[in-house]
Amino acid sequence: MSDQVLKAHAFRALHAPGAPLVLFNCWDAGSARAIAAAGARAVATASWAVAAANGYADGEHLPRDLAIANIGRIARTVALPVTADLERGYGETPLDVADTVTQAIRAGAVGCNLEDGIDAGRLRPAADQALRLQAARDAADRLDIPLFINARTDGFLLAAADAHDDVLLDATLERARLYAAHGADGLFVPGLVDAALIERLVRASPLPVNLMAAAGTPPLAALRALGVARLSHGPGPYLLAMRALEDAARGAAA
């Protein structure tokens with residue numbers, strides 16, 4: 001069994017409801033090395049941070065070749081499992097998604113995020129997104145890598161806080177069931193912070209639930225009690241590092 005397959009199985013096993021895998025997201029090989037040295041169990045990229053570190057806006061403005069090369073450098077630098085934020089999959093068709101996933105796996109990734117939010121604050125039709133997830137699963141199967149596909153759904157992220165209700169939760173669960181049937185392994189719901197809704201989601205979701213740390217997110221102990229399986233920090237670590245760098249540079253010039 002190859003090292004990458006072993007890492008893929010190890011990464012999958014880290015997703016245990018009630019024992020959240022905490023991912024302090026990186027953006028390059030240096031930040032990945034620092035996070036690994038802190039005792040991380042896996043390394044995850046954040047697309048916003050990767051784009052910003054390379055001078056691009058988020059939203060697939062970073063060229064795919066640069067994103068893939070960055071994954072490769074990270075995977076060669078750390079001995080931990082690496083999961084890559086692949087945004088929408090870099091392409092209009094499921095075949096494009098399959099090609100992106102294939103390249104990410106060949107670069108060393110054992111997991112990926114694929115999101116269903118599209119331009120202008122809209123969600124891709126669920127049936128279309130399901131086909132893109134299935135294409136990702138088929139691509140991983142062709143390479144014999146048990147890739148952990150984290151299906152990100154952006155309904156809560158795009159909706160105003162006063163629209164975070166049972167109707168939105170039910171729509172999210174409908175997507176979760178469809179995505180699970182088309183190869184997804186995890187459900188990533190950024191923007192969801194309400195404890196009661198988190199509890200309902202975790203109980204009803206066919207997939208382990210991943211949240212993003214943000215203002216209002218319950219503390220880690222509460223997320224454990226609610227049954228969350230994964231907590232990502234998204235662009236937060238990059239912003240924290242850049243603020244520290246700016247402060248240090250300002251102090252050096254004083």
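What helices (runs of 4 or more DSSP H) lie completely within region 142-245 and have 1 or more residues being of a type in the set (Lys, Arg) and buried (at least 18 other Cβ atoms within 10 Å of the Cβ)? Please lay out each step first, then the result.
Values: elements: 155-158, 166-181, 195-204, 220-226.
In region 142-245, 166-181 are the helices (runs of 4 or more DSSP H) which contain 1 or more residues that are of a type in the set (Lys, Arg) and buried (at least 18 other Cβ atoms within 10 Å of the Cβ).
Listed here are the residues, each with its yes/no results for (1) within 23 Å of residue 136 (Cβ to Cβ); (2) aliphatic (A, V, I, L, M); (3) in contact (Cβ under 8 Å) with a residue 24 or more places away in the chain.
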position	(1), (2), (3)
177	yes, no, yes
185	yes, no, yes
204	no, yes, yes
210	yes, no, yes
222	no, yes, yes
244	no, yes, no
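Give region 65-100 a look and list any residue that's basic (Lys, Arg) and surrounded by fewer than 20 Cβ atoms within 10 Å (Cβ to Cβ), or say none. Full working, then the answer.
In the first step, residues of region 65-100 are kept if they are basic (Lys, Arg); the result is 73, 76, 88.
If the condition is that a residue be basic (Lys, Arg) and surrounded by fewer than 20 Cβ atoms within 10 Å (Cβ to Cβ), then 73, 76 are the ones that fit.
Are any residues in region 35-64 surrounded by fewer than 18 Cβ atoms within 10 Å (Cβ to Cβ), over 29 Å from residue 225 (Cα atoms) and not acidic (Asp, Glu), and if so, which ones?
If we filter region 35-64 for residues that are surrounded by fewer than 18 Cβ atoms within 10 Å (Cβ to Cβ), which is where we start, we get 37-39, 41, 54-59, 61, 63.
When the remaining residues are screened for being over 29 Å from residue 225 (Cα atoms), the result is 54-59, 61, 63.
Within region 35-64, 54, 55, 56, 57, 59, 61, 63 meet the criteria.
Here's the yes/no breakdown for (1) of a type in the set (S, T, N, Q); (2) more than 19 Å from residue 18 (Cβ to Cβ):
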{"residue": "171", "(1), (2)": "no, yes"}
{"residue": "174", "(1), (2)": "no, yes"}
{"residue": "180", "(1), (2)": "no, yes"}
{"residue": "200", "(1), (2)": "no, no"}
{"residue": "210", "(1), (2)": "yes, no"}
{"residue": "216", "(1), (2)": "no, yes"}
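If I filter region 113-135 for residues that are over 30 Å from residue 168 (Cα atoms), modelled with pLDDT of 95 or more and not in a loop (DSSP other than H, G, I, E, B), do I get at least one hit? Show your work before the answer.
Kept after step one, since they are over 30 Å from residue 168 (Cα atoms), are these residues of region 113-135: none.
No, every residue in region 113-135 fails to be over 30 Å from residue 168 (Cα atoms), modelled with pLDDT of 95 or more and not in a loop (DSSP other than H, G, I, E, B).
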*Kindly provide the set of residues from region 49-75 that are in a helix (DSSP H, G or I) and either at pLDDT below 95 or of a type outside the set (A, V, I, L, M, F, W, C) (or both), ordered by number.*
64, 65, 70, 72, 73
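Could you go through region 100-109 and let me know if any residue there is assigned to a helix (DSSP H, G or I), at pLDDT 95 or above and in contact with an Asp or Glu (Cβ under 7 Å, 6 or more places away or on another chain).
To start, the set of residues in region 100-109 that are assigned to a helix (DSSP H, G or I) comprises 100-107.
With the extra rule that they be at pLDDT 95 or above, the set shrinks to 100-107.
From the residues that got through so far, the ones that are in contact with an Asp or Glu (Cβ under 7 Å, 6 or more places away or on another chain) too are none.
No.
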*Take region 1-48 and flag every residue that is assigned to a helix (DSSP H, G or I) and within 17 Å of residue 238 (Cα to Cα).*
29, 30, 31, 32, 33, 34, 35, 36, 37, 47, 48
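Which of the residues belonging to region 36-53 are farther than 20 Å from residue 88 by Cβ, among the hydrophobic types (A, V, I, L, M, F, W, C) and without any contact (Cβ under 8 Å) to a residue 12 or more places away in the chain? Let's see the steps before the verdict.
Our first condition is that a residue be farther than 20 Å from residue 88 by Cβ; within region 36-53, this holds for 36-43.
With among the hydrophobic types (A, V, I, L, M, F, W, C) added as a condition, the list becomes 36-38, 40, 42-43.
Listed by number, the list holds a single entry, 37.
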_Can you find a residue that is of a type in the set (A, V, I, L, M), in contact with a Lys or Arg (Cβ under 7 Å, 6 or more places away or on another chain) and touching a residue at least 24 places away in the same chain (Cβ under 8 Å) anywhere in region 59-70?_
no
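Table: residues versus (1) closer than 24 Å to residue 13 by Cα; (2) within 17 Å of the chain's Cα centre (by Cα); (3) of a type in the set (A, V, I, L, M).
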| position | (1), (2), (3) |
| --- | --- |
| 46 | yes, yes, yes |
| 56 | no, no, no |
| 84 | yes, yes, yes |
| 118 | no, yes, yes |
| 122 | no, no, no |
| 156 | no, yes, no |
*Please enumerate the residues belonging to region 70-82 that are more than 18 Å from the chain's Cα centre (by Cα) and not polar (S, T, N, Q).*
73, 76, 78, 79
*Across region 117-134, what is the total count of residues that are more than 15 Å from residue 89 (Cβ to Cβ) and surrounded by 13 or more Cβ atoms within 10 Å (Cβ to Cβ)?*
1
*Selection within region 42-65 - out of contact with any helix residue (DSSP H, G or I) (no Cβ under 6 Å at 6 or more places or on another chain), among the small types (Gly, Ala, Ser) and under 19 Å from residue 108 (Cα atoms)*: 44, 46, 47
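May I ask you to verify whether residue 109 is closer than 19 Å to residue 232 by Cβ and of a type outside the set (Asp, Glu)? Steps first, please.
On the way: closer than 19 Å to residue 232 by Cβ: yes; of a type outside the set (Asp, Glu): yes.
It is true that residue 109 is closer than 19 Å to residue 232 by Cβ and of a type outside the set (Asp, Glu).
The values are calculated or read from the model by the stated rules, or taken from the named source; none is laboratory data. On a predicted model such as this, the values are computed, not experimentally measured, just so you know. Backbone-built Cβ (ideal geometry, glycine too); neighbour counts: all protein chains shown.
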